[in-house]
Amino acid sequence: MSDCLFCKIAAGEIPAKTIYEDDDVIAFHDIHPAAPVHFLLVPKTHLDSLAHAQTQHQPLLGKMMLLTSKLAAEQGLSDGYRTIINTGHGGGQTFFHLHMHIIGGKTLSTNISEISTQ
């Protein structure tokens, strides 16, 4: 999509503090971190949200889930981390390209209402 921020980052048209990239996904630091470590894992294929995922996206979604542990460890999150996928307006999604937040580096509240990520 020509106007999608994450598509532009994945294409290298907009710079980001990239921590990982391959043919399928890109991971980069969030510009408004909610914790000392806060990065996004984004598929390079445009997919509006998790609600739009189909059977053919299963390998990509599985890859993203497995990558979280590897990338979290590389970012020093050995004590744990939180993964968040906001889906749809009601789920707090503001950028309509599927992305996963990986957050840690401090003890996170167990109160889900205290979490604010986009």
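Exactly one residue out of ILE115, ILE103 is within 22 Å of LEU61 (Cα to Cα) and either modelled with pLDDT of 95 or more or surrounded by 12 or more Cβ atoms within 10 Å (Cβ to Cβ) (or both), and it is ILE103. ILE103 passes every criterion in (1) closer than 18 Å to PRO33 by Cα; (2) free of Cβ contacts under 8 Å to residues at least 12 places away in the same chain apart from (2). Scanning region 10-50 for residues that are closer than 26 Å to GLY90 by Cβ, of a type in the set (Val, Ile, Thr) and in contact (Cβ under 8 Å) with a residue 40 or more places away in the chain gives VAL25, VAL42. Can you give me the number of residues within region 23-44 that are part of a loop (DSSP other than H, G, I, E, B) and either surrounded by 14 or more Cβ atoms within 10 Å (Cβ to Cβ) or in contact with a Lys or Arg (Cβ under 9 Å, 6 or more places away or on another chain) (or both)? Counting residues in region 23-44 that are part of a loop (DSSP other than H, G, I, E, B) and either surrounded by 14 or more Cβ atoms within 10 Å (Cβ to Cβ) or in contact with a Lys or Arg (Cβ under 9 Å, 6 or more places away or on another chain) (or both) gives 9. Filter region 91-100 down to the residues that are at pLDDT below 95 and of a type outside the set (S, T, N, Q) and list them by number. Correct list: GLY91, GLY92, PHE95. For region 55-81, the set of residues classified as outside any helix (DSSP H, G or I) and either surrounded by fewer than 18 Cβ atoms within 10 Å (Cβ to Cβ) or aliphatic (A, V, I, L, M) (or both) consists of GLY76, LEU77, SER78, ASP79, GLY80, listed by residue number.
The values are calculated or read from the model by the stated rules, or taken from the named source; none is laboratory data. Every value quoted in this text rests on a predicted model; they were computed, and no experiment measured them. Every residue, glycine among them, receives a Cβ derived from its backbone with ideal geometry; neighbour counts consider all protein chains shown.
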